[in-house]
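The numbers here are math on the coordinates, done by the rules we state, and not lab data. Keep in mind that what you see is a predicted model, and the values were worked out from it rather than measured. Using ideal geometry, Cβ is built from the backbone for each residue, glycine included, and neighbour counts are taken over all protein chains shown.
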Amino acid sequence: MSDSGSDRTDLRNFVPADEVRARGRALRERVPVTARDRDAVGPRRPGVLEFLEASHADRLPHLVPLRVGRMMSGPFTFYRGAAGLMAADLAHSPVSGLDAQICGDAHAANFGLYGTQRGEIVMDINDFDETILGPWEWDLERLAASLVLAGRESGVDEDACRAAARDAATSYRTAIDRLAEMPFMESWTALPDESVLSAAKADDLLDNFKKAAKKARKNTSAKVASKWTEHIDDHETGVRKHRFVSDPPVLTAVDEQVAEAVIDGLERYVATLRESRRNLITRFTVSDIAFRIVGTGSVGLHSYVALLHGNDGESLVLQLKQSIPSALAPYLPPRPDRHEGERIVQGARHVQAETDILLGWTSIALGERELPFIVRQFRNLKGAIDPAGLGAEDLDDYGRLAGALLARAHSRSLDPRLTSGYLDSDESFDDAVSAFAVRYADRTEADHAELVAAVQAGKLAAELPA
């Protein structure tokens, strides 16, 4: 609320929960929940090859064939690299008008395990390259369609794939209802740890979670240093350091000019950390910089790993990943210009229950260009449950788990009482989401087939994974 031309928050007038819910319920008259069941293809959708050409425009040309090769490996992998194509399809879909800080790419493989600063293992959304303020429905529909694709890849029958998508929607809706009833402080500080499995009725995933958590606890900078580096002795300082051992094409050395530019960027990044953490990072010293290819959607962007050494042989590995505008941005109202790394970091801080304590952003001068980056710990107790490797019952549980996690994530920026009022315990919403998910999975399989045909016809170069 504005007061005399300055920003001021109203903490005097409480709006009762029933009134907030009623505002959400009123939105159903304009856009019923059954509107989620619709055609898969939007009127502004580009062709598959046109989309790929545009998405490759600012990428390193020699890595584009590798990205194409990875996207060829299957419809689910293609989908993971095509958030912008789906955004074009979602752009003209009817929505409630309730916006949240959305992930923007909430497919099933973008939920993962990681460690908190206290060493607890939690599971949450873990990729925010596309994060933006937008319709909450877009995230849920991307999740639901991805579950169908993941199930098909693992050989799950069609009814079970649809059930997983439907259960994700059901779990989202019921989790929103629970969050709307909880005390504000309790819902805000709830950690998505192992207990979330029971809350989401996903107990069959307990063994998967425990196995993934056990692996995650071993996934540390020390392990990276032991596997990817070699010792060198700095005779000037008497300090024993490490340096990366090249493993082309994934991990490669950089020249001195690039290394210096990356270190300059790291020194500027420190100012973007929360104040209490700046003293921590400044106790480390950079030992080496290397280029490392990551993911599918990010292949072709500048991505570096920085090896730092600390106390008594301690190693810390940071990732610096180029940040480009969200693929959803062209289909949403324009926002004020912002550093793309800051957009990603602030989005993650807004959505995750706990973020990496060393998450920040910077700019790096590479040649004549200054590019935005995010910086984070490369492996801070990270792990994953592969949704494309699950059987029917476990996929169904994974859908419920991811739906609940997504609801919690959205509730941090969008009052769950509003969303709960709009959904109004209406199970037809679940049916509509699952129907669209199956339809969109079919569309993605056709898109993937078009990509494969283009490569086979020599229209696109592809470097297939070894």
Q. If we restrict to alpha carbons, what Rg and Dmax does the range 146-281 come to, in Å?
A. 23.1, 66
Q.
Using the Cα centre of the chain as origin and beta-carbon charges of +1 (Lys, Arg) and -1 (Asp, Glu), tell me which of 363, 311, 56 is placed farthest towards the positive end of the dipole.
A. 311
Q) Once Lys and Arg get +1 and Asp and Glu get -1 on their Cβ, which of 94, 252, 293 lies farthest toward the positive end of the dipole of the chain? A) 252
Q) Cα centroid distance between the range 388-409 and the range 252-287, in Å? A) 37 Å
Q. By how many degrees, 0 to 90 and rounded to 10, does the Cα axis of helix 17-26 deviate from the longest principal axis of the chain?
A. 80 degrees
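Let's see if you can work this out: charge +1 on each Lys and Arg Cβ, -1 on each Asp and Glu Cβ, no other charges. What is the dipole magnitude of the range 132-232 about its Cα centre, in debye to the nearest 20? Show your work: numbers first, answer last.
Values: 15 positive and 17 negative charges, 130 e Å.
Using only the charged Cβ atoms, the result is roughly 620 debye.
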Q) Using the count of nearby Cβ atoms within 10 Å as a rough guide to exposure, how do 118, 268 rank from fewest to most? A) 118, 268
Q: Starting at the first residue of the range 103-112, write each ³J(HN,Hα) from the Karplus equation 6.51 cos²θ - 1.76 cosθ + 1.60 with θ = phi - 60°, in whole Hz, x for Gly and Pro.
A: 5, x, 8, 7, 6, 4, 7, 9, 10, x
Q: Any chance you could give the angle, 0 to 90 degrees and rounded to 10, that helix 206-217 forms with the longest Cα principal axis of the chain?
A: 20 degrees
Q. For the range 1-100, what's the radius of gyration and Dmax over Cα atoms, in angstrom?
A. 21.4, 59
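Relative contact order of the range 331-466: what whole-number percent is it, with Cα pairs under 8 angstrom and at least 6 residues apart?
Values: 64 pairs, mean separation 21.3, N = 136.
Contact order relative to length: 16 percent.
With a 10 Å Cβ neighbour count serving as the proxy for reagent exposure, in which order, fewest first, do 228, 188, 136 appear? Could the numbers behind the result be given before it?
Values: 228 21, 188 13, 136 27.
Final ranking by Cβ density, sparse to dense: 188, 228, 136.
Counting Lys and Arg as +1 and Asp and Glu as -1, each charge on the Cβ, what is the dipole of the range 328-374 about the Cα centre in debye, to the nearest 20?
160 debye
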Q | ³J(HN,Hα) computed for each position of the range 249-261 - Karplus, 6.51 cos²θ - 1.76 cosθ + 1.60, integer Hz, glycine/proline x | A | x, 6, 10, 9, 6, 10, 6, 4, 5, 5, 4, 5, 5
Q: Would you mind calculating the gained length between residue 217 and residue 314 on full extension (0.36 nm times residue separation, minus the Cα-Cα distance), in nm to one decimal?
A: 33.2 nm
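At 222 nm, what helix-only mean residue ellipticity would the chain give, in deg cm²/dmol to the nearest 500, using -39500 (n - 2.57) for each DSSP H run of four or more? The partial results should precede the final answer.
Numbers: 17 runs with 203 residues, N = 466.
Value at 222 nm, helices only, nearest 500: -13500 deg cm²/dmol.
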Q.
Greater than 31 Å separation of Cα atoms is the criterion. Which listed pairs, 321/459; 201/321; 227/459; 223/459; 215/321, meet it?
A. 201/321; 227/459; 223/459
(Q) Going by amide H atoms built from the backbone, whose H comes under 5 Å of the H on residue 315, apart from near neighbours? (A) 310
Q: Can you tell me the 0 to 90 degree angle between the C-alpha axis of helix 392-411 and the longest principal axis of the chain, rounded to 10?
A: 90 degrees
Q. In whole Å, what are the Cα extents of the chain along the three principal axes, biggest one first?
A. 73, 63, 49
Q. Toward the positive end of the charge dipole of the chain, about the Cα centre and with charges on Cβ (Lys, Arg +1; Asp, Glu -1), which of 132, 31, 242 goes farthest?
A. 242
Q: Could you size up the charge dipole of the range 314-466 around its Cα centre, putting +1 on the beta carbon of Lys and Arg and -1 on that of Asp and Glu, and report it in debye to the nearest 20?
A: 720 debye
(Q) If amide hydrogens are placed 1.01 Å from N in the peptide plane, which non-local residues have theirs closer than 5 Å to the one on residue 460? (A) 455
Q.
Suppose we keep just the alpha-carbon trace of the range 83-156; what are its Rg and Dmax in angstrom?
A. 14.0, 43
Q: Neighbouring Cβ atoms within 10 Å as the yardstick, rank 217, 12 fewest first.
A: 12, 217
Q | Rel. contact order, % - alpha carbon contacts under 8 angstrom, at least six apart, the chain | A | 31 percent
Q: Determine ³J(HN,Hα), in whole Hz, for all residues of the range 447-460 in sequence, where each value follows from phi through the Karplus function 6.51 cos²θ - 1.76 cosθ + 1.60 and θ = phi - 60°; x replaces Gly and Pro.
A: 4, 4, 4, 5, 5, 4, 5, 5, 5, 5, 7, x, 7, 9
